[in-house]
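Please treat every number below as a calculation from the coordinates, not as lab data. What you see is a predicted model; the values in this text were computed from it and never measured. Glycine gets a Cβ as well: all are built from the backbone with ideal geometry, and neighbour counts include every protein chain shown.
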């Protein structure tokens with residue numbers, strides 16, 4: 001884990017895109033994963049066109065919750081042409097996530113992500129906080 005308390009970095013991957021993410025809490029980890037995914041997309045946005053969305057995701061474990069959360073963000077990009085500008089995450093009952101999404105409209109993006117995968121995905125707690133590697137199908 002890096003010296004920063006939360007963050008992400010792109011990891012070299014042979015065929016897809018991969019991120020290493022870390023945070024002090026599970027919520028911070030999820031927020032960094034979302035930031036990292038947006039970074040990978042390399043979006044150009046129209047900051048004057050704003051929208052708010054709310055959604056909930058629920059899963060049996062943190063891995064499923066992370067995949068479902070990031071997949072919902074991809075769905076909002078595909079369906080509504082939105083990426084988040086601000087995210088409020090509330091982790092309740094262990095593996096239920098309530099999300100308030102304040103987004104901006106995307107004008108273009110350089111990389112397309114088709115899906116968030118479970119490939120080698122493990123959300124784990126360390127002495128410094130939480131960490132995970134997320135692989136995206138492109």
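Here are a few things to note about the model shown:
- Note on residue 4 and residue 59: the model spin-label points, each 7 Å out from Cα along the C-beta direction, lie 2.3 nm apart.
- Taking region 35-66 and a reference point 7 angstrom along Cα→Cβ of residue 115, the backbone N atoms nearer than 18 Å belong to 63-66.
- Note on region 1-48 and region 66-96: Cα centroid distance 13 Å, given to the nearest whole angstrom.
- Largest GNM mean-square fluctuation across 49, 115, 34, computed for the chain with C-alpha springs under 10 Å, falls on 49.
- Rounded FRET efficiency, nearest 0.05, which uses the C-beta distance separating residue 75 from residue 127 and R0 of 41 Å: 0.70
- Mean residue ellipticity (222 nm) of the chain, computed from DSSP H runs ≥ 4 via -39,500 (n - 2.57), nearest 500: -8500 deg cm²/dmol
- Each peptide in 98-104, 120-126, 74-80 gets a packing score, the mean of other Cβ atoms within 10 Å over its residues, and the list from highest to lowest is 98-104, 74-80, 120-126.
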